[in-house]
Structures are given as structure tokens and as C-alpha cells.
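Data block below; observations after.
The values are calculated or read from the model by the stated rules, or taken from the named source; none is laboratory data. Everything quoted here is computed from the prediction, not taken from an experiment. Neighbour counts run over all protein chains shown; Cβ positions are idealised from the backbone, glycine included.
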2 protein chains.
Amino acid sequence: MHDSTPIGQLSEREILARIAVRTGRASAAEIAIGDDAAVIASSGRVVATTDTLIDGPDFRLAWTTGYDLGWKAAAVNLADIAAMGATPTALIVALAMPNDTEIGFVEAMADGLREACEALAPGCGVVGGDLTQSATLMVAVTALGDMDGREPVRRAGAGVGDVVAIAGEMGVAARGLEVLFTRFCDVDGHATPIDRDQLESGELRAIEMQLRPKPPLGLGPVAAMAGATAMMDVSDGLALDASRLAESSGVTIDFESAALGSSGDLARALRGGEDHALLATFSTDDLAPGFRAIGRVVAAQPSPVLVDGEPYTGETGWDPYSDWNGQV
Amino acid sequence: MHDSTPIGQLSEREILARIAVRTGRASAAEIAIGDDAAVIASSGRVVATTDTLIDGPDFRLAWTTGYDLGWKAAAVNLADIAAMGATPTALIVALAMPNDTEIGFVEAMADGLREACEALAPGCGVVGGDLTQSATLMVAVTALGDMDGREPVRRAGAGVGDVVAIAGEMGVAARGLEVLFTRFCDVDGHATPIDRDQLESGELRAIEMQLRPKPPLGLGPVAAMAGATAMMDVSDGLALDASRLAESSGVTIDFESAALGSSGDLARALRGGEDHALLATFSTDDLAPGFRAIGRVVAAQPSPVLVDGEPYTGETGWDPYSDWNGQV
């Protein structure tokens, strides 16, 4: 099944053909792979975002299969589109790969891209991309979405008295990353292969959510229709991302610890990112379906994030920009 | 002026702020940098493409300034949008950089992105992006455009009897690359700094067109309105790109050598890419303004490209995918 031929032995055209048969279709695409550019139907407002995954700071090949990489590259971008209240329509994928990358890995990545779209944003698919050589493996995905006549939900709209709510998990992906770093790293900080037999089911599930996040992205447009006043996805940690939303809105967010779990779970929920849950605020207690209350918006204070009324002083989550140890 | 502080000494937020003040504005953007995603007004059909520039195969830092890199990363993508007959509206920029990259280099890149948009596609600008660490310097730009009610001009529409026409230069960027490779490379194939005093004016201009291409991209929508039957930009060489257009359309393209220049210029015009000239076909001799006839569409033959009725057997241009020597 897995073809281990290095891509350096194949032509660019052949690699593209083997990707294109796997990436699926985007229902809004009038023109997809094969012309100078893709053409996608739009209702009048297009939403666009990009996020890059780089071997080293963003993933380790000892932990991440090609399928996982494709899935996650799609999911993190689809989450940013959904967090605007938009419906994801299309992915554009720039792949830069060393010549010794196996074509089977690339095929699995295409499968992961397709299946993440099918699971998280049905109707969305890859409409184009670019292939280049690089000493460092890199996947840069740009996602497009459509507002379908809705108003975009920004970070800046939270008002004092609003309910702070979440849809999706908190801290699970961070727990998965902890398991990977503590159990599957050698003394030099290099990743080592995951031995699944060593893990209990909670650890295994946490690793799976770290490698292939499954946020409830269909709830982004639902929240927009229900009148969410502000929204974003939690990619860098609940406390850090909430502080960004609070600062954009000129308010402070006060989390209720009982709603976040107890002790270790609470700390991990606040610190942990990469679950890509949707964090939103609503001006009434009548939340959008799928959202649960975790706090309240209060008037701006020196600290943008409180827990039970006290300034949050805990650590923030893994930051690939500042925390990478230079290892792969 | 140039700030040589390594970006590893700055926070992500500080780097982003220093980029954002330089990247200019996109007139169609309702929401740009600073939220989960950008929101761009659309007339109903959005056009999207991506192209990545990687240190090594796509550029060499001994030859390319930050400004050049930003300019070229914008230009190559804007050309793909214009080649559909669309108007470029927005760029999304994924930057992956080593920690020792100087912030002055990054600022110059942002200036180059902005000024390329101002020169080649007024109204277009950077609306978002992503910043990550990488061992290899990489810029992946996604460009969006709008059809403004026009029909997209595909590669597949050329008909027998159509005039083959071009807008822009042919072979100039390829001449620049020849000068760089022959005059500014050491014996190991590493790039060395450009000594401009060694060069005569034609060589200097060719290098400038290689580093900062200036194709007449406003003519893309003009060609669409004038009824172009097929169009693409010439990025990989006129002969190679024409063969792709011919194969998509199920025809053969017969170039007239007298229209391409004589001897060395002719060969370079056919082989040379990276000028990003617009190659189009028209069903009448009444070409769009700015286009000049260089050949004729004929019935499909075994060879997709002819010159004066004879199969083209010359070499094709520099292919970063297959021709890179592994050096920077």
C-alpha cells in the first residue's frame, strides 16, 4: 500500500497527479487544480486565513504520519474560518518537501487533507496548490470561506455582561503534547516513535486529539446566526487566546473555575491550545446550541483574564514560535 | 536605516507589528490583519492561487534582497490571478524564517510586497498571514482576485486559427538568471554577491527583471474583456508553458520566429520563464490593446509547439523543481 519511492525520483507532474486524485472536491469550485488559479463561487464576502506547519516547531515526523499532517494542516485553518462565523469552501496547499520524502507519505497527507474536510467542513476541499523542493518539510495551507450573507464575528465585539462560552474540548490536545514530550523524547529532546502499547486509553485519545484535532466547526456559523458578539478559535491556549479577545474588545474575561474542571484539568484547560475549540461571547444567557458557559465578560481591568475574579497568573501553552528547542 | 537585530531576539507580536505597518492596504478588505481571518468583498467569483519561494531552489540570499524577495513573491502570484482575467484583490503571506534573520530584511520584504502591489495591481494588498520559525527561509503567498462579472479565461479555450499573442517581455528574466549563474557563482555553485560595476546596462536590467519582474498585469482583465479564448502567464518558459496551453486546449501552437527576435534572443525567448508575460489566444486579428501577435493556433500535431511550422526541440528553462543543485 505505502509507496516508499522518494519524490526526488518522480517528476513534479507525477507527484501532482498522485496528490490530485486524493484531495477530493470543493463543492463551490468552478475551476480547481490544473489552471493558473482556482475559481470559487462566492456569496459576496470571502474569508481567508493561512497557517503553516513546519517540521520541528510544529510537528515531529517520529510522532506525525503523513495522514496526521494533512489532517492537522486542514483542521487548524478550517477552525480560523469557522471562528469568523463563515463556512469553509476551499483549501489551497503549498507543499515544500525534501527530495527524500516518500511519495506514500505525500499520498497519505492528501488523504488526511480530504478526510479532515469531509469530517470538519463538508463541501470544502483542496482547489489548488504549489509544490517545491526544500531542505525543510513545510505545509502552508490557506483556507477560504464564505459568509453566506452573515456578518463576520470578530474578536472585538465582546461587551460587559456577556456570557463567555465554549464549543469543543479544552486541554486535551495539550495533554497529548505532554505525553509525547515526556514519554517519547530522547535525552537530547529528539522525538522518538510512539509506542501505543505503553499508553492507557485517556493518553492515547489525548495524543490522537493533538495529532488530529476534531473541533465542532459547524458550530461557528451556528454561533454567528445566534448572535455571538465575539468569537475566535483556541489555538494557543484558552487563557492566552481569551486575553487577545479581551484586549481586542476592551474588556476583561472572568472564567468560572468550576466550569473548566478541577485541579490538573483546570490548569491544562487554561494553558492548553491546539484543541481549536470555539470561544465565543453572547449577550444573553440563551447560548447557541453546542456552546456551554465558562465565564462572564466584565469591565476592563489591568489583567485581561481572571479566574473566579482573581488575575490569571498561570503559564501559557506551548508556543512553537518561542518554545521550539531546535530539534525534530 | 536597516535594523540588523535577529528576529529571534524579538517577540512574534513585535515582528508582526513591524511587518503590518509596511504591507499597505487592500481596498476590498473589510477585515485584515488582527483577527482569525481576513474578510474581503467579492463580486461573486473569487480567484485563488499560491506560489512559494524557498531559499535555494527559488532564490539565493547573495543575490536577492528582502525587498526583491517580497516583490517577487507578490509578482509571481499576482500574475497567476491576472492570467485568469481577474483583478488581484488580496495577498495572504506565510513566512517561515530562521531565528537569525535580520528584522531589517523582514521589513524590506514587507516594503517589497507593498510596492509590487502598488505597481502591478493597485488596490491589492496584504490582508493576513502567518509567521513561523524554520531552518529554511520560505515565503508562501496566496493571492486572491475577483472576476468582476467577467468569465474566467482558462488554458483550455484556444481554437484552431486563433492568433497567439503576448503582453510583456520574453527572455529578459532568463538572461538575468544566466548572468547571475555565470558571473556570480563560486566553483561549488554557491551564489556570490552581485558586483554591479562589472555589468553593462543590458545585463543589469536583465538581473533587475529576474529579481523584480514587472509584467503588465493590468492587461489580464483587458484581454478577458476583449474575448481572449485562452490565457496563462509565462513562468516556466514560453515553449513549455505554451505546450501546456496547447495540450489543455487540444491544439498545437505555431510560433513565428521573426516575432520572437533573432538567434540568441529567439532561443532565450522560447526557453526563458519568469518574465510572467501574459500569453493569450484571440479568435480574431483584433487583439486586446498591449498584446502583439507571435504565432497561430493550428490543429493538434504530435508536437504541441512548433516554430515556423517545425517541431520545437530546444531546451526548456530553469526548473527549480528538477534543476536545483542543492546550494544556496
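Numerical summary
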item	result
Residues being of a type in the set (D, E, K, R) and within 12 Å of residue B:177 (Cα to Cα) - total across the stretch B:194-211	3
Long-range neighbours under 8 Å by Cβ, at least six apart or interchain, first residue over 21 Å from residue B:39 (Cα atoms) within the stretch B:89-114, second surrounded by fewer than 21 Cβ atoms within 10 Å (Cβ to Cβ) and among the small types (Gly, Ala, Ser)	B:98/B:135; B:99/B:8; B:100/B:8; B:102/B:4; B:103/B:4; B:104/B:4
From the options A:269, A:242, A:258, residue that is within 14 Å of another protein chain (Cβ to nearest Cβ) and not basic (Lys, Arg)	A:242
Conditions (1) more than 9 Å from chain B (Cβ to nearest Cβ); (2) closer than 21 Å to residue B:51 by Cα; (3) without any contact (Cβ under 8 Å) to a residue 40 or more places away in the chain; number of the one not met by residue A:122	(2)
When residues of the stretch B:195-229 are limited to those that are in contact (Cβ under 8 Å) with a residue 60 or more places away in the chain and of a type in the set (S, T, N, Q), the one nearest to residue B:78 (Cα to Cα)	B:210
Residue list for the stretch A:211-237, filter: at pLDDT below 95 and either surrounded by fewer than 23 Cβ atoms within 10 Å (Cβ to Cβ) or not small (Gly, Ala, Ser) (or both)	A:235, A:236
Helices (runs of 4 or more DSSP H) completely within the stretch B:142-247 that count 2 or more residues being over 25 Å from residue B:50 (Cβ atoms)	B:172-183, B:201-211
Qualifying residue in the stretch A:35-42 (condition: within 26 Å of residue A:232 (Cα to Cα) and among the β-branched types (Val, Ile, Thr))	yes
Qualifying residue in the stretch B:188-198 (condition: at pLDDT below 95 and basic (Lys, Arg))	yes
So residue A:104, is it within 14 Å of chain B (Cβ to nearest Cβ) and either under 16 Å from the mean Cα position of the chain (by Cα) or in a helix (DSSP H, G or I) (or both)	no
Within the stretch A:1-90, strands (runs of 3 or more DSSP E) holding 1 or more residues that are in contact with a strand residue (DSSP E or B) (Cβ under 9 Å, 6 or more places away or on another chain), buried (at least 24 other Cβ atoms within 10 Å of the Cβ) and within 14 Å of another protein chain (Cβ to nearest Cβ)	A:38-41, A:45-54
Flag if residue A:140 is outside the structural domain of residue A:105 (by TED's automatic domain parsing) and surrounded by 23 or more Cβ atoms within 10 Å (Cβ to Cβ)	no
The lone exception for residue B:66 - which of (1) touching a residue at least 60 places away in the same chain (Cβ under 8 Å); (2) in contact with a helix residue (DSSP H, G or I) (Cβ under 6 Å, 6 or more places away or on another chain) it fails	(1)
Residue within the stretch A:231-243 that is of a type in the set (Asp, Glu), farther than 19 Å from residue A:260 by Cβ and free of Cβ contacts under 8 Å to residues at least 60 places away in the same chain present	no
Yes/no for residue A:130 being within 13 Å of chain B (Cβ to nearest Cβ) and in a loop (DSSP other than H, G, I, E, B)	no
Unique match (being in contact with a Lys or Arg (Cβ under 8 Å, 6 or more places away or on another chain) and not polar (S, T, N, Q)) among B:258, B:206	B:206
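One line per residue, one yes/no per condition, for (1) facing chain A (nearest Cβ under 9 Å); (2) surrounded by fewer than 23 Cβ atoms within 10 Å (Cβ to Cβ); (3) charged (D, E, K, R):
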position	(1), (2), (3)
B:93	yes, no, no
B:108	no, yes, no
B:126	no, no, no
B:146	yes, no, yes
B:156	yes, yes, no
B:159	no, yes, no
